[in-house]
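The next block holds one structure in the form of structure tokens; read it before the comments.
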Amino acid sequence: MPCSSIVTTDNTCADVGGGGEENGRFRKFKLNHSTFLASLMPKKEIGADRFIEAHPFYDGRCALIAIFDSGVDPAAAGLQLTSDGKPKILDIIDCTGSGDVDTSKVVKADGDGRICGASGASLVVSSSWKNPSGEWHVGYKLVYELFTNSLTSRLKKERKKKWDEKNQEEIAKAVMHLDKFKQKHTKVEDPKLKRVRGDLQNRIDILRNQADTYDDKGPIIDAVVWHDGEVWRVALDTQSLEDDTKSGKLADFVPLTNYRIERKYGVFSKLDACTFVVNVYDEGNILSIVTDSSPHGTHVAGIAAAFHPQEPLLNGVAPGAQLISCKIGDSRLGSMETGTGLTRALIAAVEHKCDLINMSYGEPTLLPDYGRFVDLVNEVVNEHCLIFVSSAGNSGPALSTVGAPGGTSSSIIGVGAYVSPAMAAGAHSVVEPPAEGLEYTWSSRGPTADGDLGVCISAPGGAVAPVPTWTLQGRMLMNGTSMASPSACGGIALLISAMKAEGITVSPYSVRKALENTSIPVGVLPEDKLTTGQGLMQVDKAYEYIQKSQDFPCVWYQIKINQSGKSTPTSRGIYLRESTACQHSTEWAVQIEPKFHEGASKLDELVPFEECIELHSSDNAVLRVPEYLLLTHNGRTFNIIVDPMNLRDGLHYYEVYGIDCKAPWRGPLFRIPITITKPKAVMNRPPLVSFSRMSFLPGHIERRYIEVPLGASWVEATIQTSGFDTTRRFFIDTIQICPLRRPIKLERVITFSSPTAKSFAFPVVGGQTMELAIAQFWSSGMGSHETTIVDFEIVFHGIGVSRTEVVLDGSEAPIRIEAEALLASEKLAPTAVLNKIRVPYRPIEAKLCTLPSNRDKLPSGNKY
């Protein structure tokens, strides 16, 4: 799902720090008009403004970005032209099929130019339309299937209002007719007159009652597709959407063709103000009507590349870049993505020879860096040299909450969400912005389940950007890692623009290394990397790195780690989370294998490759590694010894990294993340853990790790706050990671208007480490300089039952359920709820066939 939220705000001025140097540590200044506008579309934080000021022609020109999202509105502000006058959006595609119309039915027109539409309506085709074959493909679509829920809701409300007005007019007429009848017939004896009077009264009753049963299924639009001798053309009959019966006729429609050919779009009606484009597939048998499934995609595209010549401060990060829109959010599924949509989007990105992909979508996954889509992404990145950027997720502040694919896939640059003082003051209109920039509270954190860092870099995670015309506004504020990803993507487009102009080879490997090794750290603790990645990206510094390192091989260092003596599982980092893993030293075998792009010359690139690597550890007391490593194309293996026994309870993060002995200025060539969470054992009975007098300021997070007692199945938690004046908002997350299961996560957002206590309960798994993350929301309590004091108590409970699910199969035999208190005496009040019926179905036929159109053909030539 999209990784963002929509926020409405009044934009007012405030004292604020701004910019991106030194991790947002700036002197406060008064916002003026220009700095306020700049805060709405943040670019200074990542050095994009400095870069474009120094290189005005490297503003994204010659860079093509594929936007994998909910669809982009070509009529939205700033998305028509690039800074050098080229078309902004080169193609708009619905990869989901949610806008597909079956137009396989073919009809002929009569002498008057009339055809029978697929809906049964009589349609007139324009005599000016060229159709050498005389064949008209027809289909129809319920228009609400093309609209978002919010647009449909608005249309239903407006249509209901007009319907009510007409219905009230008819009721008034019916009442008037009944009154006239009564005045004319004071006594009704004749059976015929009684029937007439009854009919008149029934008419009134029906008209009044139908308002209660009113159900607007929406208008039907007829579609006609034909070949004009050169291209496929499309016309729509939208009369059912118009108030004026003379509007929306098929013959008056200005025919469209596939968007990439003429780059033209239509609007269904003035009432909906919804833009659409069309594409024709399968020799006219499939018409795709492309609309967006939410404002999300247009907003994302605007952050990456919008161009506003009248107000440059509102430009996207790369105003010179061009776009293609690949709609992966299925309108039928509430904008959820599907495997088919994602695969078609990758096909389109390769076909258009895109340089970048931005995907601000994602959700939790069972297995990181795994699956069919990840395999295809690897192919696209490694063989076609596309740079794939994606959001890390909005499931923080607990660790191991990064979503797939952005935070869990090695080939993808996962981006966390950062907020600067300027953004806080301008876009978010807080009373008093923070003194320093920080990560948004909800931004997802690493590591992944297999130990990878999860977040690669961070970028501004909020903006006021363009939205579709059907929203009836030009732009709005959204925040999320969905916004951070296109900010980073736009920054990378600037790098690509410069690299192409100066003849530097564009490689995902070299660009990623430049970003990671030039980012500004956010926070001062080692474990802050799990939140921010390598830090806040800096475009200008990254380009200097790329220029200096352009003669080095474009290599990605693949890392595979196994515990010594075990062949499985293989991981990308070391993650010691459970208490048993922290009770002794462990040895790990690390395999480093340089990976070149597909097609690299064996003699000129692979054979000569040799690097002398100096290995470093961030803490020699915990990690022991060899000093040097000679690395060739076939890779090398070395061992790491991890000794966590003397560590205190809590979170610890370390890195092993490799430095080029001949060019140490390149920074780490590879990093091996080591995360250790040493849990607190619960020894007392009844099992109770309390954390007292924890102090909080805006954005502060406290993490505690607890070894859940064996037998525990649920927890009763109490949070007590004190010592503050204005309202405080807290995020409370707990998470457990169990083998071959998605993380077990609790999320609570609790608002305290005054010092008080609140309690809640949640399930747990005994024997597994539980992280408790308590965070004061980043903007909560700003303007108040009082510290919030929090006391937190956890009581573990456990009742073992012989059956967790009772299935009644129709027999009369009693079912015995045994219960046992596993930790302490418990009060048991059993209840039974029958809430599900299972009816087994067996398929009687199955058929597997390839999809017919070219949009389903992989770059390799195979159909997926």
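The values are calculated or read from the model by the stated rules, or taken from the named source; none is laboratory data. Quantities reported herein were computed from a predicted structural model and do not represent experimental measurements. Virtual Cβ from ideal backbone geometry, glycine too; neighbours counted across all protein chains shown. The area values use the complete protein model at the heavy-atom level, side chains included, leaving out ligands, DNA and RNA. Shrake-Rupley method; radii C 1.70, N 1.55, O 1.52, S 1.80 Å.
Using only the heavy atoms of the protein chains and a 1.4 Å probe, how would Asp540, Asp272 rank by accessible area, largest first?
The most accessible residue leads, giving Asp540, Asp272.
Tell me the accessible surface of Val511 in square angstrom (1.4 angstrom probe, heavy atoms of protein chains only), to the nearest ten.
The accessible area comes out at roughly 0 Å².
Per DSSP helix of 4 or more residues, -39500 (n - 2.57); summed, then divided by the residues of the chain. What does that give at 222 nm, rounded to the nearest 500?
Estimated from H runs of four or more residues: -6000 deg cm²/dmol.
What do you get for trypsin sites (Lys or Arg not before Pro) in the range 235-324 restricted to DSSP loop and a cutoff of at most 10 other Cβ within 10 Å of the site's Cβ?
Passing both the DSSP loop test and the Cβ count: Lys246.
For the charge dipole of the chain, defined by +1 on Lys and Arg C-beta atoms and -1 on Asp and Glu C-beta atoms about the Cα centroid, which residue among Gly71, Ser127, Gly297 has the Cα displaced farthest towards the positive pole?
Value computed over the given set: Ser127.
Provide the percentage of antiparallel DSSP beta bridges, counting only those with both residues in the range 555-678; round to the nearest 5.
Around 95 percent antiparallel, to the nearest 5.
Just reorder Glu242, Glu805 by solvent-accessible area, largest first, 1.4 Å probe, all chains present.
These residues rank, largest area first, as Glu805, Glu242.
Excluding same-chain residues fewer than 8 positions from Lys162, which lysines have a Cα within less than 28 Å of its Cα?
Partners found: Lys141, Lys173, Lys180, Lys217, Lys246, Lys249, Lys270.
Quick check: at a probe of 1.4 Å, how many percent of the accessible area of the range 555-678 sits on carbon and sulfur atoms?
48
Do any trypsin sites (Lys or Arg not before Pro) in the range 479-572 lie in a DSSP loop with no more than 10 other beta carbon atoms within 10 Å, and if so, which?
Here the trypsin sites (Lys or Arg not before Pro) that fit, given the DSSP loop and packing criteria, are Lys566.
Using a 1.4 Å probe, how large is the accessible area of Ser83, given in Å² and rounded to the nearest 10?
Rounded to the nearest 10, the figure is 30 Å².
Provide the packing ranking of 764-777, 384-397, 691-704, i.e. peptides ordered by the mean count of other C-beta atoms within 10 Å per residue, highest first.
384-397, 764-777, 691-704
When the chain is fully extended, how far beyond the present Cα-Cα distance does Glu614 get from Ser240, taking 0.36 nm per residue of separation?
Roughly 127.5 nm would be gained on extension.
Normalised by the residues of the chain, what does the relative contact order come to in percent, with Cα pairs under 8 Å and at least six apart?
Value for the chain: 13 percent.
Rounded to the nearest 20 Debye, what is the dipole magnitude of the chain about its Cα centre when Lys and Arg each give +1 and Asp and Glu each give -1 at the C-beta?
Charge dipole of the chain: 1980 debye, to the nearest 20.
What figure, in Å² to the nearest 10, do you get for the accessible area of Thr580 with a 1.4 Å probe and non-protein molecules left out?
Surface accessible to solvent at Thr580 totals approximately 90 Å².
Just reorder Arg203, Arg154 by solvent-accessible area, largest first, 1.4 Å probe, all chains present.
Result of the area sort, largest leading: Arg203, Arg154.
Just one of (1) 105, 74, 67; (2) 88, 69, 56; (3) 105, 64, 53 is Cα extents along the principal axes in Å as worked out from the coordinates here. Which one is it?
(1)
What is the distance in Å between the Cα centres of the range 308-376 and the range 551-582?
Distance between centres, Cα-based: 29 Å.
Compute the signed sum of charges (Lys and Arg +1, Asp and Glu -1) over the other residues within less than 13 Å, Cβ to Cβ, of Glu135.
Around Glu135, the surrounding residues sum to +2.
Counting only DSSP beta bridges with both residues in the chain, what percent are antiparallel, rounded to the nearest 5?
Counting DSSP beta bridges with both partners in the chain, the antiparallel share is about 80 percent.
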